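Readers should treat all values here as calculations from the given coordinates under stated rules, not as data from a laboratory. What you are looking at is a predicted structure, and each value in this text was computed from that prediction instead of being measured. For neighbour counting, all protein chains shown are included, and Cβ atoms are generated from backbone atoms with ideal geometry for every residue, glycine included.
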Amino acid sequence: DVKVTQSSRYLVKRTGEKVFLECVQDMDHENMFWYRQDPGLGLRLIYFSYDVKMKEKGDIPEGYSVSREKKERFSLILESASTNQTSMYLCASTPPGTGGITEAFFGQGTRLTVV
Amino acid sequence: AQSVTQPDIHITVSEGASLELRCNYSYGATPYLFWYVQSPGQGLQLLLKYFSGDTLVQGIKGFEAEFKRSQSSFNLRKPSVHWSDAAEYFCAVGARGATNKLIFGTGTLLAVQP
């Protein structure tokens, strides 16, 4: 089975801290994604990566950056955490598809609280 | 750019009743389409997907969905709902081509009455 592992289930950080959320997948997937999930807003795409060192902005990249130095690991970075970044963060990966996206596999999520 | 609309935020059905959850998408070509379910405190699980071919797709847990190009819709259905189906349901659209972007709707929260 494909496994997508997020390093923490729950995190509490202070305003202004630099926060790292880690995601590791074990199936050699090319594509990896970071979403945030908020009630009534669904899953919103922050960043995605289609190869090592390659990244593209999603719909809400402001205040975030990402790093993909190895194929299996995709990190989300909050440069200076703010209270409006309190949310559930979901990582996903997908295998390469014929001309596009195929099924996404999700981690269990990290619930981040910024105080 | 693709987008997804799930017009129903909350739906309540009685156990044993039929269910239809609506999903409309916007995309310039034939998209990849997905339905995911998220039970309380759980991660997202794929229910079914459409890539091409037969427009009626069968999924797990007795769910099915129909792709209607003329209506830009991919509605999820189940003939008889069980209490364990209470969850949040997300429709998603994936782009074909190099962008590899996967976009989700805002979700529909399903409650099941005994």
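Taking θ as phi - 60° and the Karplus parameters 6.51, -1.76 and 1.60, the scalar couplings of the range A:19-35 work out to 10, 10, 10, 10, 9, 10, 10, 10, 10, 6, 6, 6, 9, 9, 9, 10, 10 Hz in sequence order, x denoting glycine and proline. Shape of the range B:20-93 from its Cα gyration tensor (a ≥ b ≥ c, root eigenvalues): rounded if a/c is under 1.5, otherwise prolate when a/b > b/c, or oblate? It is prolate, given that a/c is not under 1.5 and a/b is the larger ratio. Converting phi to 3J(HN,Hα) with the Karplus coefficients 6.51, -1.76 and 1.60 and the offset θ = phi - 60°, the range A:47-52 yields 8, 9, 9, 10, 5, 4 Hz in sequence order, with x at every glycine or proline.
In this structure the amide hydrogen of A:Glu17, modeled in the peptide plane, comes within under 5 Å of the amide hydrogens of A:Ala81, none closer than 5 places in sequence on its chain.
What is chain A by shape, rounded, prolate or oblate, if you read a ≥ b ≥ c off the alpha carbon gyration tensor as root eigenvalues and call it rounded for a/c under 1.5, prolate for a/b larger than b/c, and oblate otherwise? Prolate, because a/c is 1.5 or more and a/b exceeds b/c. Could you please state, rounded to a whole Å, how far the C-alpha centre of the range B:13-89 is from the C-alpha centre of the range A:11-32? Answer, in whole Å: 29. Modelled label-to-label distance, A:Thr15 and A:Thr113, 7 Å Cα→beta-carbon offset: nm? Going by the 7 Å Cα→Cβ label model, 1.7 nm. Structural size metrics of the range A:15-77, computed from C-alpha coordinates, are Rg and Dmax of 11.9, 35 Å.
Among the GluC sites (Glu not before Pro) in the range A:29-115, those placed in a DSSP loop whose Cβ has at most 12 other Cβ atoms within 10 Å are A:Glu62, A:Glu79. The H on the amide N of B:Ala17, modeled in the peptide plane, is under 5 Å from the matching H of B:Val81, each at least 5 residues off or on a different chain. Applied to the range B:29-45, the Karplus parametrisation 6.51 cos²θ - 1.76 cosθ + 1.60 on θ = phi - 60° returns per-residue 3J(HN,Hα) values of 10, 6, x, 8, 10, 9, 10, 10, 10, 10, 7, x, x, 10, x, 8, 10 Hz, with x for Gly and Pro.
Relative contact order for chain A: 36 percent, from Cα pairs under 8 Å spaced at least 6 residues apart, divided by residue count. Sites listed here are trypsin sites (Lys or Arg not before Pro) in the range A:1-31 whose DSSP assignment is loop and whose Cβ has at most 14 other Cβ atoms within 10 Å: A:Lys3, A:Arg9, A:Arg14, A:Lys18. Within the range B:1-23, name every residue whose backbone N is under 14 Å away from a label modeled 7 Å from Cα of B:Ser84 along the Cβ vector. Answer for this model: none.
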